[in-house]
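Reviewing the structure listed below.
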Amino acid sequence: MTTTNTTSASPAQHPSSCSKFHHPYFTPAEVEYLTEKQRGKLSINQEDKVRQNACGFLEAMGLRIGFPRRTISTAEILYHRFHLFFPRKDFNWADVALAALFVSTKMHDTLKKPRELLSVSYAIRFPELAAKSKHPGGEVDLDAMDQQVVEHDRQRLHAIERLMLETICFNFTSRLPFPYVIKMARSLRATKKLTKLAWRIAIDSYRTLLPVQYPPHTIALGGIYVAALLSSFELPVPSNEEVAENLQTPHQISELLGKRGDWEKKYHSQIEDLEDIAHTMLDLLIQVAQNPSANTSPSTPSSPSPHLSTSSSSSHLHLSRTIHQLPLPPYKADQLIRLKIVMRETEHPHRPRQPLGTADPSALYSGDDVALLGRNEGTVRFLFGPPGSAAVPSI
């Protein structure tokens, strides 16, 4: 999202009108600049821990309510995008995650009322309240709670929702990689086992910043590539009895996608992007292998805090430390590290990607683009495409 001033006011005032452009994707340089800007005093590891807590919370909310995968994954990408523009220190990650889920339910027509979402979120974050509830679904009875607390949380949910809608310029278009995983796996003649693993990797990719950098078809192909690597590295080639005659082995798929070829034009992706996706996902799997409590599989977190707090200190709840574990993938950290080393020996140089509108991401996102977010002063025109795109619709 970028801002272009159309009518100037006095230097000490905000412009009376401006245009905001929606950016569907960002270059790695832009993402690095924006995340560092909004990180504040947090270290990279601390920021990643908060990000994983938020994604685990969204997964738990989705499982408890029964949201489809498209609603959960869209909420995760909305959360990531929000903190490209707003400092983490100014917002409780649970509030932002809940607002992202609320917006996602509207985008995918799986709408739930704010009080319903709050009820389930309290049950997940504060299980002692759910234990006292007689609701069969384990939800917290909001009528039995302090109504000032509930109303405060509801109003904050709507306030963050407004900011989130403005950061996406009210563009409700949502494309996900999961249909592409199935179609591309069939095209590559992958086995059903490999396709399932690629689907799982595509889901876990939304715990990272990959979806704000690459389109869904590239994420899908990257998931297949990672699945093929994991299914072939330091493993023998399957026999003819283990693989159907018309299917390719993981070794063949990883070899095909590991070098340049006609597949780049066919699938509209490039090998440099697949390698970047592979390294990011391997880093996530290494983190899981070294810290089992950070399991990437969908799970239900619970809060270690026995008290319900309405202050910003609730942002320090470490839900992922007490999550219900699902079986971990059979990959050890040292094996994954060896795979990364082998990939580094043959990887291609990073593909240069120019930011949309200007070559300098620091100039493109100087901070002025969020000056009018959430304000009622002036007129804002939201455009559904980046600067320079032809026939950009707007509201």
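The values are calculated or read from the model by the stated rules, or taken from the named source; none is laboratory data. Owing to the predicted nature of the structure, the values given are computational and were not obtained by experimental measurement. Positions of Cβ are backbone-derived with ideal geometry, glycine not excepted, and every protein chain shown enters the neighbour counts. To get the accessible areas, we keep the full protein, side chains included, count just its heavy atoms, and leave off ligands, DNA and RNA. Shrake-Rupley method; radii C 1.70, N 1.55, O 1.52, S 1.80 Å.
Summary of computed values
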read-out	value
Segment 25-174: radius of gyration and largest Cα-Cα distance (Dmax), Å	15.6, 51
Computed label-point distance, nm, for sites L63 and L235 using a 7 Å Cα→Cβ extension	2.4
Solvent-accessible heavy-atom area per residue, rounded to whole Å², over segment 25-174 at 1.4 Å	42
Accessible surface of T346 - all protein chains present, 1.4 Å probe, nearest 10 Å²	100
Entries of K265/K332; K192/K259; K196/K332; K192/K340; K49/K340; K112/K266 with Cα pairs more than 31 Å apart	K265/K332; K112/K266
Of the GluC sites (Glu not before Pro) in segment 151-237, those whose Cβ has at most 14 other Cβ within 10 Å and which sit in DSSP loop	E234
Karplus-derived 3J(HN,Hα), 6.51/-1.76/1.60, for each residue of segment 156-164, Hz, glycine and proline x	5, 4, 5, 5, 6, 4, 4, 4, 5
Trypsin sites (Lys or Arg not before Pro) restricted to DSSP loop in segment 13-104 with at most 15 other C-beta within 10 Å	K41
